[in-house]
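Single-structure report; data block below.
The values are calculated or read from the model by the stated rules, or taken from the named source; none is laboratory data. None of these values were measured; they are calculated from a predicted model. In this analysis, Cβ positions are derived from the backbone assuming ideal geometry, glycine residues included, and neighbour counts consider all displayed protein chains. These area figures cover heavy atoms from the full protein model, side chains too; ligands, DNA and RNA do not enter into them. Shrake-Rupley method; radii C 1.70, N 1.55, O 1.52, S 1.80 Å.
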Amino acid sequence: MISLTINGKKHELTLDPDTPLLWVLRDELKMTGTKLGCGIAMCGACTVHMNGTPIRSCSMPISALAGANIQTIDGINSPEFNAVQQAWRQLDVVQCGYCQSGQIMSATALLQTNPKPTDEQIDSAMSGNLCRCATYHRIRGAIHLAVDAMAKSPKAAGGNV
């Protein structure tokens, strides 16, 4: 039995320890916000946070996650996340939308560790997240918009959108 803490809730799972986290999230726990993209940790569509750090859930065996705090887009709620989500909507970042949950998770992790990133820092932090619609310029703009919103009104940026 493997115990995982996901979105603040403890789950006891009887699964093969090599089972990738993504399949636990989607198939066992019915948390479908995290997406499967490439399945080899190259596109970032499956990004979740492990102790605040973005990881690729499609290639992360659950045996490596004992004692970790896993946060998914299904349960995240932070001022940074809410500001990013609101900025995404304001700039119409999404086209097909498939990669967006991973993009938003990576952007949120960036702002949680660096509240005022430069273009280069944004590009570096987001470089593992691919967008087949090529909305990279809007993603960068949305991250800057989220930074501005949080600087002007951290409390407002933290509200639900």
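Suppose we filter Leu36, Leu4 for residues that are over 30 Å from Ala149 (Cβ atoms), among the hydrophobic types (A, V, I, L, M, F, W, C) and part of a strand (DSSP E or B); which single one remains?
Leu4
Out of the residues in the range 17-40 meeting the condition of being surrounded by 12 or more Cβ atoms within 10 Å (Cβ to Cβ) and among the charged types (D, E, K, R), tell me which one is nearest to Ser101 (Cα to Cα).
Lys35
Check whether at least one residue in the range 3-13 is touching a Pro at 6+ places or on another chain (Cβ under 6 Å) and either open to solvent by 50 Å² or more (accessible area, probe 1.4 Å) or in contact (Cβ under 8 Å) with a residue 12 or more places away in the chain (or both), and report yes or no. Step through it out loud before you land on a result.
Taking the range 3-13 first, the residues touching a Pro at 6+ places or on another chain (Cβ under 6 Å) are none.
Within the range 3-13 (the criterion being touching a Pro at 6+ places or on another chain (Cβ under 6 Å) and either open to solvent by 50 Å² or more (accessible area, probe 1.4 Å) or in contact (Cβ under 8 Å) with a residue 12 or more places away in the chain (or both)), the answer is no, since none of the residues qualifies.
Could you please tell me which pairs satisfy a Cβ distance under 6 Å, a separation of 6+ or placement on different chains, a first residue in the range 64-85 that is without any contact (Cβ under 8 Å) to a residue 24 or more places away in the chain, and a second residue that is open to solvent by less than 10 Å² (accessible area, probe 1.4 Å)?
Sorted first by the residue in the range 64-85, then by its partner, the list stays empty.
Within the set of pairs 6 or more residues apart or between chains, which connect a residue that is within 13 Å of Asn82 (Cβ to Cβ) inside the range 137-161 to a residue that is assigned to a helix (DSSP H, G or I) and at pLDDT below 95 with Cβ atoms less than 6 Å apart?
Close Cβ pairs (under 6 Å, with a partner that is assigned to a helix (DSSP H, G or I) and at pLDDT below 95) amount to Ala149/Ala157; Met150/Ala157.
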